[in-house]
Structure formats: structure tokens, C-alpha cells
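In what follows, a structure is listed as C-alpha cells, so that the remarks can point back to it.
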Amino acid sequence: MICPECNNEYAGGITVCPVCNVELIDEKEFRERKTQTQEWVTVYTTNDDIEAAMLKSNLEFAGIEVVIIDKKDSSFPVWGDLSVIKLDVRREDAEKARRIIDDIQENDKESE
């Protein structure tokens, strides 16, 4: 069972979160609520799997939840928009995520 407020997971038998005093929900309902209630925005696109993974790691380290949406199809290698990898974050984290990405890219340029 999971708390919909703090996202803490609890063992069977516990029905109310001791931290938030909110009724716990099962994992399936938690995932459905999370997907439905959060608006995701794309903060970065790339064609490079490694770059996407590295940026995702940096954003997660900063406490930002990130989803990589990979539109590449390994069966049909294509260049351009059809091979885009997107990094999506929750709308409320978008500005912070973009600043972090900009800082990383600026540091990369300075180190070249």
C-alpha cells in the first residue's frame, strides 16, 4: 500500500499513512493517479541515448522526476524528428530542469 501524499510504501495491514494521516491506496491506483494528475512537459530533445541518460541522471539528482520518451525504432534507423528522444518532467519542475540543462551545456562548452 502506498500513501498518495508522501509516496511512502507500507507493508500489508497498514491502511493509513502514519506521516500524512491519509488513507493508503494500492500500487495500481497509485500509478493511475500519478499518470492522470501530473502534466508532463518536454524540456529537452536529442538523438543521443547517452546524452539523454546523463541529463536524466543529473535532473534526478536535483530531485526532479524525469521520463525519457524514446521515439527511436531500432528496426528502422531514421534521422531527424523520427529519431527524437525526449526528456519530460512535471510542469512545475520544467523551469528548474531547463536551468540545470542550460548550466550543464554551458559547462560543456567551457570545457571544450
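The slack in the chain from residue 67 to residue 8, taken as 0.36 nm per residue of separation less the alpha-carbon distance, amounts to 19.2 nm. Close amide-amide hydrogen proximity is noted between residue 8 and 3, each under 5 Å apart and 5 or more residues distant or on a separate chain (H modeled in the peptide plane; Pro and chain starts excluded).
Can you work out the FRET efficiency for the pair residue 48 and residue 27, with r the C-beta to C-beta distance and R0 = 41 Å, to the nearest 0.05?
That pair, residue 48 with residue 27, gives E of 0.80.
Counting only aspartates and glutamates at least 8 places from residue 96 when in the same chain, those with an alpha carbon closer than 19 Å to its own are 39, 51, 60, 65, 88, 106, 108.
Here the simple spin-label model places points 7 Å from the Cα toward Cβ, and for residue 104 and residue 91 these points are separated by 2.4 nm.
Each reported figure results from applying straightforward, stated rules to the coordinates on display, with no laboratory input. Just so we're clear, the structure is a prediction, and the values are computed from it rather than from any experiment. Virtual Cβ from ideal backbone geometry, glycine too; neighbours counted across all protein chains shown.
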